[in-house]
Amino acid sequence: MKWIMIAAAVAGMSGAAGAVDFSDLQRLRASGIAGIEAREEGRAANKWAVGYVLDGMLNIRDGRIVLNTPDGRLFELDMDPALARRYDGRTVLVEGKAMQSDDLDVLKVLKIEPYVPPAQQEQAVHDPMQRPATLLSDSNAGLTVNNVRWLYTKKPAAGVLDWATAVIKPAFIKDIYFIKQPFPPEQIAAHSLLLMTFEKGGLTDAKGNEAYGLVLSIEAYLKQGQAYNPLTGLDNAFNIVWVLSTWEDYASRSTLLNKNRLIPYKLKNFSMQQKTWLVREAVRQAAVNREGEFYNTVTNNCTNNLIILMNRALPELRRIPMWEVPYSVYNIEATMPVMVPAYLQSKGLLGPELPVIDAANYTAPLP
């Protein structure tokens with residue numbers, strides 16, 4: 001339980017970059033984190049790690065219990081068949097959990113009830129820095145994806161954002177970096193992201209403009225007025241969004257506007273084939289429809305999802321275990337941003353810490 005307590009307190013203090021609220025830190029220390037322990041004890045003691053709340057039509061087909069959502073997604077429900085028969089052919093609201101971010105086909109049902117549409121449907125307004133990507137085409141030659149945050153000026157301006165349709169050619173991949181972005185208090189808090197750099201022609205927009213690299217940043221999907229904090233990140237308070245941006249946009253906003261540092265580590269012992277596959281899978285997963293999916297401080301955050309992606313490119317014997325005790329205690333070293341780099345280095349997956357990126361050198365190519 002020690003691992004869960006520590007992870008819950010610090011692992012996910014990395015929601016949307018620049019939107020961290022640490023006002024609960026003193027309360028966490030004073031309470032001995034007992035509240036988090038109590039909440040997570042029942043939740044982590046199974047293999048289901050990613051929270052969902054969805055409405056849709058429940059149907060029983062050839063012995064399978066399925067949920068059809070209004071936007072056309074199909075989920076298989078793991079639930080009591082007798083209870084499912086009560087709702088067969090009805091519109092329901094389901095609270096459940098999926099295995100992990102790349103395995104969403106089956107939901108373990110925690111709660112089900114008839115769905116009652118709200119009298120007035122509210123349209124959530126999210127942080128303008130965050131947009132879910134949309135995959136327009138996927139071929140051997142490359143992927144075309146919409147909603148990539150671009151930068152068309154020499155320097156960014158607060159509140160001024162450019163969004164582009166990008167063409168990504170995985171075969172042109174050069175290097176991949178795991179990047180840590182510390183936040184105060186830096187001993188325990190950071191955000192993690194993945195940077196993929198390309199040879200010339202590997203990342204372009206619809207007009208042929210080139211970018212140096214593509215960033216994947218997995219964040220708590222904040223509604224306007226929300227601020228991230230680790231306690232509420234345990235309670236389905238935030239949805240999740242996988243943001244794609246160019247390195248030029250992310251690095252300049254982080255260093256110039258937010259006054260943050262970026263600490264890179266190059267992925268190590270990945271073959272060219274594995275790196276190519278990882279690029280393609282990162283873009284595909286970023287474009288998955290995650291409506292109804294919740295960020296979780298411990299089991300569905302900015303960091304553990306990057307390792308899940310890396311695992312998909314690795315043979316089974318080299319994969320990082322996501323659970324310290326299988327389906328009982330989550331692996332803190334696979335989810336806490338400040339611990340992950342050293343852990344991955346010990347597994348031969350990351351190289352040494354590279355020079356810090358800041359406002360003085362953010363335009364320079366990475367080594």
Exercise. Among the residues of segment 237-253, is any outside any strand (DSSP E or B), touching a strand residue (DSSP E or B) at 6+ places or on another chain (Cβ under 6 Å) and surrounded by fewer than 18 Cβ atoms within 10 Å (Cβ to Cβ)?
Worked result: no
Exercise. Can you name the number of the only condition in (1) in contact with a Gly (Cβ under 6 Å, 6 or more places away or on another chain); (2) over 23 Å from Ile173 (Cβ atoms); (3) surrounded by fewer than 23 Cβ atoms within 10 Å (Cβ to Cβ) that Tyr228 fails?
Worked result: (3)
Exercise. Restricting attention to segment 142-154, does a residue exist that is of a type outside the set (Lys, Arg), within 24 Å of Ile308 (Cβ to Cβ), touching a Pro at 6+ places or on another chain (Cβ under 6 Å) and assigned by TED's automatic domain parsing to the domain that holds Thr276?
Worked result: no
Problem set entry | Answer residue from segment 100-112, given it is closer than 17 Å to Arg64 by Cβ and of a type outside the set (D, E, K, R) and is surrounded by the most Cβ atoms within 10 Å (Cβ to Cβ) among those | Leu107
Problem set entry | Close pairs from segment 243-259: first assigned by TED's automatic domain parsing to the domain that holds Asp162 and at positive phi, partner of a type in the set (Asp, Glu) and in a loop (DSSP other than H, G, I, E, B), Cβ under 9 Å, at least 6 apart | Lys259/Asp358
For this session: Only one of these is closer than 20 Å to Asp175 by Cβ and not aromatic (Phe, Trp, Tyr): Leu222, Leu262. Name it.
Result: Leu262
Seminar exercise, completed: Those residues of segment 95-130 that are closer than 12 Å to Glu76 by Cα and either free of Cβ contacts under 8 Å to residues at least 40 places away in the same chain or over 20 Å from the mean Cα position of the chain (by Cα) (or both) come to a total of 5
Seminar exercise, completed: Reported set for segment 315-367 where residues are surrounded by fewer than 16 Cβ atoms within 10 Å (Cβ to Cβ) and assigned to a strand (DSSP E or B) is Val325, Pro352, Glu353
Problem set entry | Matching option when the condition is touching a Pro at 6+ places or on another chain (Cβ under 7 Å), within 23 Å of Pro264 (Cβ to Cβ), of a type in the set (Val, Ile, Thr) and surrounded by 22 or more Cβ atoms within 10 Å (Cβ to Cβ), among Ile168, Ile173, Ile179 | Ile179
Seminar exercise, completed: Residues of segment 82-124 being closer than 17 Å to Ile240 by Cβ and hydrophobic (A, V, I, L, M, F, W, C), in sequence order, are Ala98, Met99, Leu104, Leu107, Ala124
Exercise. Any idea which of Pro170, Pro185 is under 27 Å from Asn260 (Cα atoms) and not hydrophobic (A, V, I, L, M, F, W, C)?
Worked result: Pro185
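The values are calculated or read from the model by the stated rules, or taken from the named source; none is laboratory data. In this text the structure is predicted, and so the values were computed from the model without any measurement. Virtual Cβ from ideal backbone geometry, glycine too; neighbours counted across all protein chains shown.
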